[in-house]
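Scroll down for the structure; my scribbles are underneath it.
The values are calculated or read from the model by the stated rules, or taken from the named source; none is laboratory data. Predicted, not measured: the structure shown is a model, and the values here were computed from it. Cβ coordinates were reconstructed from backbone atoms using ideal geometry, including for glycine residues, and neighbour counts include every protein chain displayed. SASA here: full protein model, heavy atoms, side chains in, ligands and nucleic acids out. Shrake-Rupley method; radii C 1.70, N 1.55, O 1.52, S 1.80 Å.
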Amino acid sequence: MPDVQTLVNEFVNQLKKRKIEGSQATAKLTAELLRSVISQQRVPHTNQATALIIAVRAVGEQLIAANPVELAVGNIVRRVLHIIREEDLSLATAAMAGLGVSAASDDEDDVERDENSALSAAAVAAAARSTLRPPSLQTLLEDTSESAVAPHTSSSGGESDGRSRSVEKGSRSRKLKHDVIEAVNELIQDICTCYEQIAEQAVEHIHHNEVILTLGSSKTVLEFLYAAKEKQRSFKVFVAEGAPRYQGHILAKELAARGLQTTIITDSAVFAMISRVNMVIVGAHAVMSNGGVIAPVGLNMVALAAQRHAVPFVVLAGSHKLCPLYPHNPEVLLNELRSPSELLDFGEFSDCMDSANGTGSLHVVNPTFDYVPPKLVSLFITDTGGHNPSYMYRLIADYYSADDLVVKRRPTTVSCV
């Protein structure tokens with residue numbers, strides 16, 4: 001099996017060279033790489049979750065820095081960190097609850113059972129507070145005082161309790177990595193099936209004789225529209241070509257090949273055609289925590305046209321595109337500039353672009369993305385259902401931990417006395 005660092009370096013090079021197309025493919029490969037990191041990571045007997053988090057963070061920093069615009073990379077890194085925290089807390093809670101159950105299983109009176117149940121609840125709360133944190137002096141003193149309060153039956157019973165606890169601790173340490181890897185496998189499965197889960201909801205939103213408008217090319221939109229057609233929905237699709245890459249041409253050909261009534265229009269004709277449209281359905285590059293959308297360039301113009309004519313603007317996005325950050329966060333790079341060759345032929349305009357002779361020069365700006373504010377979005381459809389823009393921050397909070405929003409570790413400053 002290849003070394004983990006070799007896998008990381010190869011994936012970093014692919015991200016830097018933009019060899020991976022699409023957020024779904026990027027998210028899937030990122031999750032698979034982090035699964036390999038976790039499976040090959042050697043962890044100590046104590047603070048296993050902390051060791052796994054440090055390892056994932058170290059790799060995540062490299063991946064995010066390789067392509068900051070591809071927010072799906074950071075999303076998956078944060079999702080995996082959240083999984084580690086959740087699994088460790090679940091095991092700690094189960095272990096403490098198991099100790100409480102075993103203590104209450106003896107033939108004691110009702111008063112002693114109530115005391116043991118109270119102690120077990122306190123132990124569970126203490127485990128939740130101390131999860132992922134190294135034991136402090138105060139914690140050690142609290143544990144000592146609690147152990148002193150607990151009744152001791154005999155020396156042999158104490159030794160058996162110590163052995164059972166050590167066995168449970170060892171089994172818990174072995175089980176953590178297994179549970180984390182299983183949860184990451186489920187995450188990968190969700191990423192792979194997000195198209196199908198979103199497409200299943202198409203029949204609830206697309207009806208007979210409607211006209212749908214979209215822009216550019218999106219596999220999520222393609223599968224969504226085709227699923228409605230499979231449910232015997234008869235409708236038309238207007239596809240804005242998505243200049244300068246003209247990805248709309250690719251989507252239009254695929255829709256026509258699957259039997260949908262498709263019409264290609266220019267991007268500048270969107271405002272002229274929007275009055276004939278019943279619904280705008282588009283994909284997204286990322287969905288921010290405030291409900292804003294980072295989408296292919298030109299979609300903000302489409303959203304403004306839809307708002308002007310009171311046409312619903314629906315955004316399709318898998319859960320791997322839900323980003324816990326806000327557009328104003330310094331970690332968010334909203335855009336990048338593509339090659340000017342997509343707009344102009346260098347041979348034809350070489351004289352205008354040469355500024356060495358002191359004459360006026362021609363500059364070309366070719367941005368990749370637009371930002372659509374949440375007030376222009378009518379509905380989000382994810383693999384978990386339909387949601388209003390105002391609800392997105394609550395949905396996103398279920399997938400991430402607040403401690404992992406900033407993946408890059410801050411350098412520690414040492415003060416000299």
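Say whether the condition of being under 25 Å from Pro330 (Cβ atoms) and either touching a helix residue (DSSP H, G or I) at 6+ places or on another chain (Cβ under 6 Å) or not in a helix (DSSP H, G or I) (or both) is met by at least one residue in the range 34-44.
Going through the range 34-44, the residues under 25 Å from Pro330 (Cβ atoms) turn out to be 34.
Still in the running and either touching a helix residue (DSSP H, G or I) at 6+ places or on another chain (Cβ under 6 Å) or not in a helix (DSSP H, G or I) (or both): 34.
Yes, that holds for at least one residue.
Could you check, for the range 218-232, whether at least one of its residues is more than 20 Å from Gly385 (Cα to Cα) and modelled with pLDDT under 95?
Scanning the range 218-232 turns up at least one residue that is more than 20 Å from Gly385 (Cα to Cα) and modelled with pLDDT under 95.
What residue, of Asp3, Asp88, is closer than 26 Å to Leu395 by Cβ, modelled with pLDDT under 95 and acidic (Asp, Glu)?
Result of the check over Asp3, Asp88: Asp88.
With the requirement that a residue be under 25 Å from Phe369 (Cβ atoms) and either open to solvent by less than 30 Å² (accessible area, probe 1.4 Å) or of a type in the set (D, E, K, R) (or both), what does the range 188-215 give you?
Within the range 188-215, Asp190, Ile191, Cys194, Ile198, Ala199, Ile212, Leu213, Thr214, Leu215 meet the criteria.
Answer yes or no: is there a residue in the range 37-44 that is closer than 16 Å to Val180 by Cα, under 18 Å from the mean Cα position of the chain (by Cα) and among the basic types (Lys, Arg).
no
Hey, among Ala65, Ala55, Ala31, which residue is of a type outside the set (D, E, K, R), closer than 20 Å to Val406 by Cα, assigned to a helix (DSSP H, G or I) and over 17 Å from the mean Cα position of the chain (by Cα)? Spell out how you get there, then give the answer.
Details: Ala65 fails: over 17 Å from the mean Cα position of the chain (by Cα); Ala31 fails: over 17 Å from the mean Cα position of the chain (by Cα).
Within the list Ala65, Ala55, Ala31, the selection yields Ala55.
List pairs: first residue in the range 178-196 and of a type in the set (Gly, Ala, Ser), second residue in a helix (DSSP H, G or I) anywhere in the structure, Cβ distance under 7 angstrom, at least six positions apart or on different chains.
Ala183/Ile83; Ala183/Glu87
Give His328, His320, His285 a once-over and let me know the one that is free of Cβ contacts under 8 Å to residues at least 12 places away in the same chain, within 30 Å of Ala402 (Cα to Cα) and not polar (S, T, N, Q).
His328
Name the residues in the range 202-239 that are part of a loop (DSSP other than H, G, I, E, B) and in contact with a Phe, Trp or Tyr (Cβ under 8 Å, 6 or more places away or on another chain), would you?
Ile206, His207, His208, Asn209
Here is a yes/no grid of residues against (1) under 29 Å from Gly242 (Cβ atoms); (2) in contact with a Ser or Thr (Cβ under 6 Å, 6 or more places away or on another chain); (3) open to solvent by less than 100 Å² (accessible area, probe 1.4 Å); (4) modelled with pLDDT under 95:
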| residue | (1), (2), (3), (4) |
| --- | --- |
| His363 | yes, no, no, yes |
| Ala402 | no, no, yes, yes |
| Arg410 | no, no, no, yes |
| Cys416 | no, no, no, yes |
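Among the listed residues Ile264, Ile250, identify the single one that is under 25 Å from Ala199 (Cβ atoms), at pLDDT 95 or above, outside any strand (DSSP E or B) and open to solvent by 60 Å² or more (accessible area, probe 1.4 Å).
Of the residues listed, the single one that is under 25 Å from Ala199 (Cβ atoms), at pLDDT 95 or above, outside any strand (DSSP E or B) and open to solvent by 60 Å² or more (accessible area, probe 1.4 Å) is Ile250.
Output the residues belonging to the range 17-28 that are surrounded by fewer than 17 Cβ atoms within 10 Å (Cβ to Cβ) and under 20 Å from the mean Cα position of the chain (by Cα).
If the condition is that a residue be surrounded by fewer than 17 Cβ atoms within 10 Å (Cβ to Cβ) and under 20 Å from the mean Cα position of the chain (by Cα), then Arg18, Glu21, Gly22, Ala25 are the ones that fit.
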